[in-house]
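Since the structure comes first, as structure tokens, the remarks are kept for the end.
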Amino acid sequence: MNIFVGNINYKLTNEGLEQIFAPFGTVSSARVIMDRMSGRSKGFGFVEMPNDEEALKAISSLHETEVMGRKLIASEAKPQQRD
């Protein structure tokens, strides 16, 4: 399952994002989305967890949890729309 993670601290790294989700199960990838021009975090990212049950537990446990001074938003990612 692909998980959207919003409202993350701009200093959080890919590794840090993975560490937040790892206690709930296997994380196959975790990436913070970066602005191409500035190289800074855009404040959101995506975590891929192969086991849907673990992913849903992570979402319910972490949604609105404070991490590095900000309340995370965690939800199942919606498929990207192509025009």
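Please treat every number below as a calculation from the coordinates, not as lab data. The structure presented is a predicted model; accordingly, all values stated were derived computationally and were not measured. Methodologically, a virtual Cβ is constructed for each residue, glycine included, from the backbone with ideal geometry; neighbour enumeration extends over all protein chains shown.
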- Counting only residues in the range 5-36 that are under 11 Å from M49 (Cα atoms) and not in a helix (DSSP H, G or I), the one nearest to the chain's Cα centre (by Cα) is identified as A30
- Query: Among (1) surrounded by 13 or more Cβ atoms within 10 Å (Cβ to Cβ); (2) of a type outside the set (A, V, I, L, M); (3) touching a residue at least 60 places away in the same chain (Cβ under 8 Å); (4) assigned to a strand (DSSP E or B), where does G45 come up short?
  - Reply: (3)
